[in-house]
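Since the structure comes first, as structure tokens, the remarks are kept for the end.
The values are calculated or read from the model by the stated rules, or taken from the named source; none is laboratory data. Please read these numbers as outputs of a predicted model, since none were measured by experiment. FYI the Cβ positions are ideal-geometry reconstructions off the backbone, even for glycines, and counts take in every protein chain you see.
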Amino acid sequence: MTTHHRLPDTRSGLVIETHDLPRRAGSMKQVRRTADAPDELGIGVIGVPPHSPIELDLRLEAVGEGVLVTGTAEVQLTGECTRCLKPLSDTDTVDIQELFYYPGNGPDDDEAARIAGELIDLEPLLRDAVVLDLPFSPLCRDDCAGLCPQCGANLNDEPDHDHAETADSRWAGLATWSSGEAEHVAGDIPAQDEE
Ligand SMILES: [Zn+2]
Ligand SMILES: [Zn+2]
């Protein structure tokens, strides 16, 4: 991921300064702020609208090799019910817990979260936390009845909806047509016989 190699953008509310957090085990700092949601945070059917408010409530604590970030992020969600396609909106609170290593500390691993230029970028962490927390098949309610497979009517609005009557009258029409045809044919045969 290239995010580890460029410096975090300090204009983002998801980037936190650590220069005021003494590099001494036990020093702490509280961060409560509203950040702008980044683009494309979510999965196809549900996600966080770009620029919607993310409420951060975090505690930063200096530990031996880095800064431990714990707390919550509350995000707005919009999407649609995967059964009836009704628009959904909700909020989701995800837990945040990650150790951001000081430069040169921690495992020699690209996946390790790192402090870059005294900055902590919460975005990759938040992305993982939110996406893992999203339902793959969001529903407007657990027992959503979905849409009629024949005509698309919302079955939540029309619990008695069904096509039995239509099917019956079609069959009835077909039966009438068949018997009429049968009579017609039957009527023709004697006429042909007479010729
Ligand atoms: Zn639904
Ligand atoms: Zn229908």
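Would you call Pro87 farther than 16 Å from Glu123 by Cα, surrounded by fewer than 19 Cβ atoms within 10 Å (Cβ to Cβ) and touching a Gly at 6+ places or on another chain (Cβ under 9 Å)? In short, yes. The one condition from (1) away from ligand 2 (no atom under 16 Å from the Cβ); (2) of a type in the set (S, T, N, Q); (3) modelled with pLDDT under 95 that Gln150 does not meet is (1).
For every residue, the table says whether it meets (1) in a strand (DSSP E or B); (2) away from ligand 1 (no atom under 14 Å from the Cβ); (3) of a type in the set (Val, Ile, Thr); (4) in contact with a Cys (Cβ under 9 Å, 6 or more places away or on another chain).
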| site | (1), (2), (3), (4) |
| --- | --- |
| Thr91 | yes, yes, yes, no |
| Pro107 | no, yes, no, no |
| Ala112 | no, yes, no, no |
| Arg127 | no, yes, no, no |
| Pro138 | no, no, no, yes |
| Cys151 | no, yes, no, no |
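Entry remark, segment 29-64: residues being surrounded by 13 or more Cβ atoms within 10 Å (Cβ to Cβ) and part of a loop (DSSP other than H, G, I, E, B) number 5 in total.
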